[in-house]
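Novice: Shown below is the structure under consideration.
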Amino acid sequence: MPEKILVVEDELSLQETLAYNLKKEGYDVETVGDGHSALEAARKGKPDLIVLDIMLPEMDGFEVARILRKETSTAILMLTARDDEIDRVVGLEVGADDYLTKPFSMRELIARVKAQLRRARYIREEAGMASVSLPAHEKLTFGNLVIDLTRREVTLNAEPVQLKPKEYELLLFLAEHHRQMLSRGFILERVWGWDFIGDSRTVDVHVRWLRQKIETSPGEPKRIVTVRGGGYRFEG
């Protein structure tokens, strides 16, 4: 069965564009235009992913995400019309899994959607409840660096890169958020889990190990870039 996506967007033209392109990808899509309808549709339809605009009538996307996160673990991709860090930080803090700033390309949105659905499948598989299998040999390619998601393998210049399990998970998480600034705390929560006993230095150590394996010059990294006062950004 196709995976279900709930699109919450009050701008009708964008709502229709999102629905059209997601349906072309084979997804089962439902659309609503306000916060209250979003809660009702999410509770009733149990989507696999929610694409949620922040600026909504009656109830904004932050409040919708805050309520839903108490009820479900469904992935939430938030849309913001402003390139404002506070929007992104608040969105992540209330439970969003990813964010995208308008205007965005449909290609980028589809890539983010696929990444979130892929992570949701992994979680279901780990829990023994997977109902959807990954396509054969699904890969993320960044020049001479290739991440084979099906095989959980990484190659650089067609040569295998030996990664520890957590190094692989960190690299995949960074790659799925291509060119996004991710805070150390957010990385720690998503890769190591909410109950991990440790601090953000764990992220720094693993990033250093990754750089030694995938960077041409680990001391002057081009793939995993440090954002001063922020965290890390994967440039690919």
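The values are calculated or read from the model by the stated rules, or taken from the named source; none is laboratory data. Computed from a predicted model, the values in this text were never measured in an experiment. Every residue, glycine as well, gets a Cβ built from its backbone with ideal geometry; the counts of neighbours run over all protein chains shown.
Novice: Could you tell me which numbered condition A120 fails, if it satisfies all but one of (1) modelled with pLDDT under 90; (2) touching a Lys or Arg at 6+ places or on another chain (Cβ under 7 Å)?
Specialist: Going through the list (1) modelled with pLDDT under 90; (2) touching a Lys or Arg at 6+ places or on another chain (Cβ under 7 Å), A120 breaks only (2).
Novice: Take region 146-160 and flag every residue that is modelled with pLDDT of 90 or more and part of a loop (DSSP other than H, G, I, E, B).
Specialist: Within region 146-160, N157, A158 qualify.
Novice: Sticking with this structure for a sec: Out of region 161-210, which residues are in a helix (DSSP H, G or I), hydrophobic (A, V, I, L, M, F, W, C) and free of Cβ contacts under 8 Å to residues at least 12 places away in the same chain?
Specialist: The initial filter retains those residues of region 161-210 that are in a helix (DSSP H, G or I), namely 165-176, 184-192, 201-210.
Next, only the ones that are hydrophobic (A, V, I, L, M, F, W, C) stay: 170-175, 186-188, 191-192, 203, 205, 207, 209-210.
V205, the sole residue that qualifies.
Novice: Would you please list the contacts, defined by Cβ atoms under 6 Å and residues six or more apart or on different chains, that run from a residue in region 15-41 that is within 20 Å of I110 (Cβ to Cβ) to a residue that is surrounded by fewer than 20 Cβ atoms within 10 Å (Cβ to Cβ) and of a type in the set (S, T, Y)?
Specialist: As it stands, the answer is Q15/T31; A19/T31, since those pairs meet every condition given.
Novice: Pick from region 211-236 the residues that are in a loop (DSSP other than H, G, I, E, B) and under 21 Å from the mean Cα position of the chain (by Cα): which of them is surrounded by the most Cβ atoms within 10 Å (Cβ to Cβ)?
Specialist: To start, the set of residues in region 211-236 that are in a loop (DSSP other than H, G, I, E, B) comprises 215-223, 228-230, 235-236.
So of that shortlist, the ones also under 21 Å from the mean Cα position of the chain (by Cα) come out as 223, 230, 235-236.
Values: R223: 20, G230: 12, E235: 12, G236: 14.
Restricting to residues being in a loop (DSSP other than H, G, I, E, B) and under 21 Å from the mean Cα position of the chain (by Cα), the top hit is R223.
Novice: Looking at region 27-51, which of the residues that are farther than 20 Å from V113 by Cα and of a type in the set (G, A, S) is surrounded by the most Cβ atoms within 10 Å (Cβ to Cβ)?
Specialist: Checked region 27-51; the qualifying residue surrounded by the most Cβ atoms within 10 Å (Cβ to Cβ) is G35.
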